[in-house]
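The values are calculated or read from the model by the stated rules, or taken from the named source; none is laboratory data. Bear in mind that the values here come from a model prediction, so they are computed numbers and not experimental data. Virtual Cβ from ideal backbone geometry, glycine too; neighbours counted across all protein chains shown. Only protein heavy atoms, including side chains, enter the accessible area calculation; ligands, DNA and RNA are left aside. Shrake-Rupley method; radii C 1.70, N 1.55, O 1.52, S 1.80 Å.
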Amino acid sequence: MNSTSSFSKNNLLLLNSYLATKPNSKRFILVDENTFKHCLPILIDNVEQLYGAEILEVEQGEKSKQLTIVENLCGAMIESSADKDSILVSLGGGVISDLGGFVASVFKRGISHIAIPTTLLAMIDASIGAKTGINIGEVKNQVGTFNTNSQTFFHLEFLNTLSKRQVLNGAAEMFKIALVSDEKLWDTMKQGKPWNNKKQGFDSKLIEKCIKLKEDIVMQDPLEQGKRKILNFGHSLAHAFESIALQKDSDLLHGEAVVSGIYYAIKLSNKKLSFPQSKATEICEYLKKNYHIIDIQKDIDLVINYLYADKKNINNEFRFILLEDIAKPIINYTISKEDLLSLRLTDNH
Ligand SMILES: NC(=O)c1ccc[n+]([C@@H]2O[C@H](COP(=O)([O-])OP(=O)(O)OC[C@H]3O[C@@H](n4cnc5c(N)ncnc54)[C@H](O)[C@@H]3O)[C@@H](O)[C@H]2O)c1
């Protein structure tokens, strides 16, 4: 799969050098209002090759991942004489990388795409692995592509303008990747607030490690037919919590839903598999200390209904990713309705 990323201190310098090898390409930069304000000036200051690039701006937030927006962006690019050699740079969080990646993969049957993630969630997760996604109505990611002609460039300075809530949102995916693939990494993370290094703001080593782990898993299974499914740890319940939040018009970020999903997946792992009690207690306590955990029993009927709607689940049984231990995931473990009904927000672990 020709989808690569590059993480180093001189990332934007590398991007500049890369663009210099494509002197005749027309460049477009996709932003939302926040990345226009906070990130675009830094990008243009550091990447001379992007002076004069055409700026395409959409509204921030999930509502921009729509087919009508895709059509508007393609129309704007045609008006600006974009051709097969044009390059689309997505400067933003997961919404911008999903949208820009999709547009680049379908415009003129595919043009080069460069993702420059500006949220922690997009760095750790959304900008790696080539998946793009567009929502249909309020149902997330129903249309998408594997965009194989995409590269990612990281620049940690962009994270400095993120709110604490957005940082915690991205950190959820750091916990997930550690729990499914690297116990030593979890042991380091649990000692503090791993996303935040007081002196430098962000712990670049931990962020880089998480990126590499995701890249390794994606490389082994680019089209998500086997191993890559472990990245969905905590996500079955998370999607149900997100759908309920959408239905009730309440404010819940993806990473916040993922943390609650992980919390209950750990409890199920302990109950159904050999996942050690002491580690389950430690993980659940850590997550509770740093996040608000959703009480699953509050809307358990809705949770179960949304799980039924998931095509993985058949005959009153649900398929979850569980852990035998940290870094020992089991794909498609069968969970019953009764297992879900027995889950509690607070008990002895
Ligand atoms: N394709 C994938 O593999 C994949 C994986 C995970 C998530 N996603 C998608 O990612 C999206 C969520 O991504 P997200 O959490 O980054 O959301 P987002 O893109 O909406 O960004 C969150 C908010 O932060 C703002 N922002 C971005 N960078 C900023 C900066 N540097 N300073 C200040 N504000 C900034 C944005 O304008 C937005 O308001 C969802 O649509 C989800 O479906 C995709």
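If you take the residues of the stretch 22-53 that are closer than 17 Å to Gly93 by Cα and acidic (Asp, Glu), which of them is farthest from the ligand (Cβ to nearest atom)? So, considering only residues that are closer than 17 Å to Gly93 by Cα and acidic (Asp, Glu), the one farthest from the ligand (Cβ to nearest atom) is Glu33. How many residues does the stretch 270-297 hold that are surrounded by fewer than 18 Cβ atoms within 10 Å (Cβ to Cβ), farther than 18 Å from Glu242 by Cα and touching a Leu at 6+ places or on another chain (Cβ under 8 Å)? The qualifying residues number 3.
When the residues of the stretch 245-264 are filtered to those that are open to solvent by less than 30 Å² (accessible area, probe 1.4 Å) and in contact with a Lys or Arg (Cβ under 8 Å, 6 or more places away or on another chain), which remaining residue is nearest to Glu173 (Cα to Cα)? Break it down into steps so the answer makes sense when it comes.
We begin by selecting, within the stretch 245-264, every residue open to solvent by less than 30 Å² (accessible area, probe 1.4 Å); these are 245, 255, 257-264.
Remaining after also requiring in contact with a Lys or Arg (Cβ under 8 Å, 6 or more places away or on another chain): 258, 262-263.
Working: Val258: 8, Ile262: 10, Tyr263: 13 Å.
Applying the filter and picking the extreme gives Val258.
Of the residues that make up the stretch 97-111, is at least one more than 10 Å from the ligand (Cβ to nearest atom), of a type in the set (D, E, K, R) and in a loop (DSSP other than H, G, I, E, B)? The answer is no, given that none of the residues of the stretch 97-111 is more than 10 Å from the ligand (Cβ to nearest atom), of a type in the set (D, E, K, R) and in a loop (DSSP other than H, G, I, E, B).
Residue-by-condition table, conditions (1) open to solvent by 10 Å² or more (accessible area, probe 1.4 Å); (2) away from the ligand (no atom under 14 Å from the Cβ); (3) over 27 Å from Pro41 (Cβ atoms); (4) β-branched (Val, Ile, Thr):
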| site | (1), (2), (3), (4) |
| --- | --- |
| Gly144 | yes, no, yes, no |
| Asn149 | yes, yes, yes, no |
| Ala172 | no, no, yes, no |
| Lys184 | yes, yes, yes, no |
| Lys190 | yes, yes, yes, no |
| Gln220 | yes, yes, yes, no |
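One residue stands out among those in the stretch 54-67 that are in a loop (DSSP other than H, G, I, E, B) and surrounded by 14 or more Cβ atoms within 10 Å (Cβ to Cβ): the one that is nearest to the ligand (Cβ to nearest atom), which is Gln60. Outside any strand (DSSP E or B) and within 8 Å of the ligand (Cβ to nearest atom): does that describe Leu121? Here the answer is yes, as Leu121 does meet what is asked. Scan the stretch 218-238 for residues that are over 14 Å from Val258 (Cβ atoms) and in contact with a Lys or Arg (Cβ under 7 Å, 6 or more places away or on another chain) and the total you get is 3. Identify, please: which residue in the stretch 98-129 is among the small types (Gly, Ala, Ser) and open to solvent by less than 10 Å² (accessible area, probe 1.4 Å) and is, among those, farthest from the chain's Cα centre (by Cα)? Across the stretch 98-129, the extreme among qualifying residues is Ala104.
Of everything in the stretch 222-244 that is closer than 19 Å to Asn135 by Cα, small (Gly, Ala, Ser) and modelled with pLDDT of 90 or more, the residue that is most open to solvent (accessible area, probe 1.4 Å) is Ser236. The set of residues from the stretch 298-318 being open to solvent by 50 Å² or more (accessible area, probe 1.4 Å) and either not in a helix (DSSP H, G or I) or not hydrophobic (A, V, I, L, M, F, W, C) (or both) comprises Lys298, Asp301, Asn305, Tyr306, Tyr308, Lys311, Lys312, Ile314, Asn315, Asn316, Glu317. Tallying residues that are modelled with pLDDT of 95 or more and not in a helix (DSSP H, G or I) within the stretch 271-285 yields 3.
Taken together, Leu246, Leu268 contain a single residue that is away from the ligand (no atom under 16 Å from the Cβ), in contact with an Asp or Glu (Cβ under 8 Å, 6 or more places away or on another chain), assigned to a helix (DSSP H, G or I) and in contact (Cβ under 8 Å) with a residue 40 or more places away in the chain, which is Leu268.
All conditions in (1) farther than 20 Å from His38 by Cα; (2) away from the ligand (no atom under 11 Å from the Cβ); (3) open to solvent by 10 Å² or more (accessible area, probe 1.4 Å); (4) among the polar types (S, T, N, Q) hold for Thr132, with the sole exception of (2). Determine whether Gly110 is assigned by TED's automatic domain parsing to the domain that holds Leu56 and under 21 Å from Phe241 (Cβ atoms). No; evaluated as a whole, the condition is false for this residue.
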